[in-house]
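Notes to accompany the following structure.
The values are calculated or read from the model by the stated rules, or taken from the named source; none is laboratory data. Owing to the predicted nature of the structure, the values given are computational and were not obtained by experimental measurement. Cβ coordinates were reconstructed from backbone atoms using ideal geometry, including for glycine residues, and neighbour counts include every protein chain displayed. When the accessible area is computed, the model is the full protein with side chains, heavy atoms only, and any ligands, DNA or RNA have been set aside. Shrake-Rupley method; radii C 1.70, N 1.55, O 1.52, S 1.80 Å.
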Amino acid sequence: MFVFQSSRDSAFDPSAFVDPFTTSVWICLILFLIVFSLALKAVFKCERILQQRSFCPSISLTSIMSFGALCQQGTSIVPQTIPGKCVHVIMYFTCLLLHHYYASEAVSSLIDIPLKSSIRNIRNLADSSMNIGMDESLPWIRNLGESEDPEIRYFWVKRVLPLKNPENVFINAGNGINKSKDIQYAFLGESSITYNLIKKFYSPEQICNFNELNLQPVTFIGLFVEKKSQFREILRRRLTRMREVGVYSRIKGQIISEKPQCLSNPVTSRVGLDETALLFTFLAISAALCLIILIIEITWDRMKITNA
């Protein structure tokens, strides 16, 4: 089986920020902002007429106010009339519920532990960018290219044959397990040996995040007895008795290594660049766009002054 650490598909995947709401909810949210922007504009316009106020915010400003309310940001411009304040309170209360629901869903998806890998089969692994290593001590491993399984042959043709020196893929099991602690490395080894090495070299957090991918379905071999054998019932009772008193479990534990259990249950998780790269990229693009708009606006104002 292959073992590898879980990793997110891409640092620039915006799904964590989009998935909390479906398309219909996003559309309703946009309509909500438009309606409340127009409502605030109407409230301020009525106040200017009825109360002789000198200031009336533009539709763009009321739109920013509505978006600020959605992001739980306050504003210094508040309607003075009771109906206008009611509109403001309703908007803030609705936005409060939406903001908390969205924030909880987005944060939970960003710091989900253990991570879920998108690599589900051998073909996914072959198409991924992971580096590959295989246990050199297994005698059958160099014959994988002759397998009748199309998935294994596809993997061999795509990931092993194109290498300049395919022999570099075959390494010591201990070195392979150490390398598999890197999220960009997958190691192929025998399950019992691999489990023992994982217990030895992996940290509790890495044990919780490691994935295993079997080359073929796992089958367990039992005790073969002829159907009409007179010893069949005797053996069945003896084996049942061995299970009841724990002899079977003790022998199994000595011969077969079981998969390491995830015992780490951290309350907090570190968020790295894999999760926040999209935010910093968006911030850089937005800053550059604002700078371009500023230059255009300054140029336009100078042209107006020159023409005047």
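Out of the residues in the range 146-164 that are more than 13 Å from Gly133 (Cα to Cα), of a type in the set (A, V, I, L, M, F, W, C) and over 28 Å from the mean Cα position of the chain (by Cα), which is most open to solvent (accessible area, probe 1.4 Å)?
Among those that are more than 13 Å from Gly133 (Cα to Cα), of a type in the set (A, V, I, L, M, F, W, C) and over 28 Å from the mean Cα position of the chain (by Cα), it is Leu161.
If Ser191 satisfies all but one of (1) of a type in the set (Gly, Ala, Ser); (2) farther than 20 Å from Ile171 by Cα; (3) surrounded by 12 or more Cβ atoms within 10 Å (Cβ to Cβ), what's the number of the condition it fails?
With respect to (1) of a type in the set (Gly, Ala, Ser); (2) farther than 20 Å from Ile171 by Cα; (3) surrounded by 12 or more Cβ atoms within 10 Å (Cβ to Cβ), Ser191 is out only on (2).
Can you find a residue in the range 36-48 that is within 39 Å of the chain's Cα centre (by Cα), within 29 Å of Ala277 (Cβ to Cβ) and surrounded by 12 or more Cβ atoms within 10 Å (Cβ to Cβ)?
No; the residues of the range 36-48 include none that is within 39 Å of the chain's Cα centre (by Cα), within 29 Å of Ala277 (Cβ to Cβ) and surrounded by 12 or more Cβ atoms within 10 Å (Cβ to Cβ).
Which one is modelled with the highest pLDDT, of the residues in the range 277-298 that are open to solvent by 80 Å² or more (accessible area, probe 1.4 Å) and closer than 30 Å to Gln184 by Cβ?
This residue is Ile285.
Determine whether the range 124-131 contains at least one residue that is in contact with a Leu (Cβ under 8 Å, 6 or more places away or on another chain) and modelled with pLDDT of 85 or more.
Taking every residue of the range 124-131 in turn, at least one turns out to be in contact with a Leu (Cβ under 8 Å, 6 or more places away or on another chain) and modelled with pLDDT of 85 or more.
Any chance the range 17-36 includes a residue that's modelled with pLDDT of 80 or more, in contact with a helix residue (DSSP H, G or I) (Cβ under 8 Å, 6 or more places away or on another chain) and either among the small types (Gly, Ala, Ser) or in a loop (DSSP other than H, G, I, E, B) (or both)?
Checked against the condition, which is being modelled with pLDDT of 80 or more, in contact with a helix residue (DSSP H, G or I) (Cβ under 8 Å, 6 or more places away or on another chain) and either among the small types (Gly, Ala, Ser) or in a loop (DSSP other than H, G, I, E, B) (or both), the range 17-36 yields no hits at all.
Looking at Asp301, Asp274, can you tell me which residue is at pLDDT below 85, touching a Ser or Thr at 6+ places or on another chain (Cβ under 9 Å) and in a helix (DSSP H, G or I)?
Asp274
Filter the range 125-145 for residues that are within 17 Å of Gln5 (Cα to Cα), of a type outside the set (S, T, N, Q) and open to solvent by 50 Å² or more (accessible area, probe 1.4 Å) and give the result.
Asp127
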